[in-house]
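One structure below.
Values in this text are rule-based calculations from the coordinates and carry no lab data. Since the structure is predicted, the reported quantities are computational estimates derived from the model, not experimental observations. Please note: Cβ atoms are built from the backbone with ideal geometry, for glycine as well, and neighbour counts cover all protein chains shown.
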């Protein structure tokens with residue numbers, strides 16, 4: 001397996017775990033897309049720890065739009081504005 005393929009497997013696992021951390025009533029496809037965007041932004045910013053990626057992505061989504069069911073109609077948060085640890 002190539003390093004890129006391994007990275008995709010790891011990031012997919014992070015996303016799957018992050019989705020499970022969100023209350024079931026909020027688990028929509030748009031929320032999953034929002035989580036994926038946050039995870040990719042954090043990873044692109046240099047974060048490599050899967051647990052940290054998961055925790056920060058979930059926190060960013062739940063804190064930025066607590067009554068939201070995803071990112072529909074919302075401006076995506078830029079990677080530089082996502083709070084680190």
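Data overview
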quantity	calculated
Those residues of the range 24-47 which are loosely packed, with under 12 Cβ neighbours inside 10 Å and out of contact with any helix residue (DSSP H, G or I) (no Cβ under 9 Å at 6 or more places or on another chain), in sequence order	24, 25, 29, 46
Where a residue in the range 51-64 is at positive phi and its partner, wherever it lies, is surrounded by fewer than 21 Cβ atoms within 10 Å (Cβ to Cβ) and part of a helix (DSSP H, G or I), with Cβ under 6 Å and at least six apart	none
Every pair of residues 6+ apart whose Cβ atoms lie under 9 Å, when the first sits in the range 8-27 and is without any contact (Cβ under 8 Å) to a residue 24 or more places away in the chain while the second is in a helix (DSSP H, G or I) and exposed (fewer than 12 other Cβ atoms within 10 Å of the Cβ)	27/20
